[in-house]
Each structure stands twice: as C-alpha cells, then as structure tokens.
Amino acid sequence: MDWDLCRTFIAVAESGSYLGAARRLRSSHPTVGREIAALEAQLGAKLFVRSNEGLTLTAQGRRFRDHTATMEAAALRAEAAVSAKGERARGIVKFSIGPTLAAYWLMPHMASFIATHPDVQIEFVTHPFPVSVRKREADIVLRIYQSGDENLIGRKIARLGVGFYASRGYAARYPLPAHRDDWKQHRVIGFADRASNAELGRWSDHVARHASVVMRCSSQSDMLAAVRAGIGICAMSCIVGDAHDDLVRVSPQKLAGISDIWLLAHPDLIDLPPLRAVMDFVTRRSREDRDHLSGAVKA
C-alpha cells in the first residue's frame with residue numbers, strides 16, 4: 001500500500017477537511033481529494049462522509065485509522081533509526097516556542113547555531129495556540145508547563161522569572177509599592193486572555209488585588225507598549241522587562257514569580273540528528289543563560 005496515500009488519509013482525518021490537510025502537507029486541495037479517492041478505490045470502502053463539522057470518518061474509516069496509527073509510529077521509528085546513523089545533522093526541524101522566548105532569548109544566539117550546523121534549518125512556530133507533535137505540527141516544543149497528553153519526553157531545562165514593571169516616568173510620579181497596602185494607590189494592566197496566561201494572570205491578580213485595573217491586554221507586546229506609555233504597572237517576563245532601560249522592576253529583591261521551562265519531543269524522533277542538535281543547543285544555552293531567564297537580581 002502507498003504510504004503517501006496513508007499520510008494524506010491521516011492528515012484529512014485529523015484536520016477534518018481536504019483544505020486543512022493540504023495546508024499541513026503543503027499540497028493542494030485537488031491533489032488531496034484525488035489521493036483520498038485513489039485510496040478508497042484501493043480499499044473498496046468509503047472512508048469519509050460530509051457532516052456539519054466537515055469530513056468525518058465512516059466506520060470503515062475509523063478501523064483503517066487504527067491501523068494507520070500503528071503504521072505512522074513504525075514510520076517514525078524507522079526514520080529515526082536510519083537517520084541516526086548519519087555522521088552530520090541535516091534537515092528541517094519544526095520548533096514550537098513562545099514568541100517572547102524566541103525574540104528576547106533564543107533568536108540572538110541563532111547565528112552561532114547556524115554557523116555550527118549549516119545543514120539544519122529551523123522552522124520557528126510561534127503562534128500562541130498549542131501545537132501537536134503527534135500531528136507533526138512541530139518536532140520539538142518549548143513549553144512553560146509539562147508534556148500534556150501526547151506522551152512526549154524531555155526535561156526541565158530552566159526557570160522563567162516574571163515580575164512587575166513600571167515606566168520610569170510612572171515611578172517618578174507615583175512611589176512604587178513596597179507593601180501590600182501600597183497597591184491601593186496604583187493602576188495595573190491585567191491579562192485579557194486568561195487561557196494562554198492562566199498562571200501569570202492569577203499571580204498578577206493576587207499580588208495586585210488592591211490596585212485598580214485600568215486595562216487588560218491579550219498579548220505581551222500590547223502590555224509592554226502600555227506599561228512603557230506610563231499607563232500603569234504590569235506583570236511580565238523578566239527577560240522582556242529587563243531588556244528595556246525605560247522600565248523599572250517593582251520590589252526586585254522579593255516580588256517575583258517563577259515558571260518551569262520544558263524542552264520536549266516525540267520519543268520516536270528524539271534521536272534524529274537534526275533534532276538532537278537543536279535540543280542540545282537549546283539545553284546548553286539555557287544553562288548559560290540561567291540567571292537571565294530567571295530574572296535573578298544581583299545583591
């Protein structure tokens with residue numbers, strides 16, 4: 001059986017449409033349609049039916065999906081086994097990382113990685129919603145939480161510090177809070193998107209619960225713009241706040257939160273030379289930049 005047709009089937013089953021599968025496979029809508037028709041002709045069975053939710057699997061399709069899942073896992077293991085014997089890392093690695101960590105931490109170091117591994121091309125995936133390694137939307141993920149439900153493996157590589165920041169202009173007009181009751185005299189910028197910033201949003205709301213919330217933003221870039229404009233105090237990653245000389249941290253010696261950073265990959269892919277090269281590089285950088293990532297303040 002043609003494995004390419006099976007790959008197309010898997011993409012359609014997971015995306016629920018020919019268009020979604022075409023985007024994932026970097027193909028075209030007509031090509032995906034033809035390949036599904038060819039597969040159904042080979043099997044002599046209808047695999048999909050149309051519904052209000054898109055394309056859904058038939059009973060035969062569901063049974064076939066169970067078998068292709070086994071085939072997909074075997075293909076990944078075979079790829080890893082063969083590629084691991086190569087002497088030089090080469091290939092494309094899809095790396096899911098938050099936009100803040102990408103821009104303020106890792107990107108400035110990428111020139112050295114490229115110089116060392118000229119045959120490895122990294123595709124940075126920085127959109128905010130979680131990606132799936134099982135669906136090959138990413139090969140490696142950097143997360144501020146554990147592996148979730150995809151049975152990924154990896155390790156905790158660093159800790160990410162957060163703090164409260166204000167513009168120097170704001171701090172000159174309003175003495176920054178040093179005690180809990182001091183927050184009553186201040187304005188804060190809160191989080192609008194509680195889903196993607198749940199932990200940081202809860203911490204911010206708890207610490208600054210006596211302050212007046214004058215604005216909520218769904219992205220850290222908007223929050224950064226607001227705090228630099230002197231609108232109020234805002235909680236943000238220390239790697240962002242400390243990068244701007246016009247900002248000052250509130251109570252830097254005692255007021256801070258910490259989140260763990262996890263570097264994870266699919267167990268059947270982790271030994272591929274290009275993935276191993278990227279993971280080793282990111283792990284090494286995290287060790288060297290430990291204080292920078294945690295927002296440690298020197299006494």
Stretch gain in nm, segment Ser28-Met107, where the contour uses 0.36 nm per residue and the Cα spacing is subtracted: 25.2 nm
Cross-link pairs beyond the 31 Å C-alpha cut-off, checked among Lys46/Lys94; Lys156/Lys184; Lys184/Lys254: Lys46/Lys94; Lys156/Lys184
Table column - 3J(HN,Hα) (Hz), the stretch 248-253, Karplus curve with 6.51, -1.76, 1.60, x for Gly and Pro: 10, 8, 7, 6, x, 7
Summed side-chain charge close to Asp260 - residues other than Asp260 whose Cβ falls under 13 Å, Lys, Arg +1, Asp, Glu -1: +4
Per-residue Cβ neighbour rank within 10 angstrom, fewest leading, Glu35, Glu137: Glu137, Glu35
Cut-off 18 Å (backbone N to label point 7 Å along Cα→Cβ of Asp246), residues of the stretch 167-190: 167-174, 189
Proxy reagent accessibility, fewest Cβ within 10 Å first, across Cys234, Cys6: Cys6, Cys234
Zone of Glu137's modelled label, taken as backbone nitrogen in the stretch 1-42 under 20 Å from a point 7 Å along Cα→Cβ: 7-29
Shape call, the stretch 159-258: gyration tensor on alpha carbons, a/c limit 1.5: rounded
Nearest 10 degrees, 0 to 90: helix 273-288 Cα axis against the chain principal axis: 10 degrees
Neighbour net charge for Asp139 - beta-carbon separation under 10 angstrom, K R +1, D E -1: 0
Relative exposure of Phe95, Phe113, judged by other C-beta atoms within 10 Å (fewest first): Phe113, Phe95
Computed helical MRE - 222 nm, the chain, DSSP H runs ≥ 4 contributing -39500 (n - 2.57), nearest 500: -12000 deg cm²/dmol
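All of the numbers you see were taken from the coordinates with simple rules; none came from a lab. Every value quoted in this text rests on a predicted model; they were computed, and no experiment measured them. As a convention, Cβ positions derive from the backbone with ideal geometry for all residues, glycine included, and neighbour counts pool all protein chains shown.
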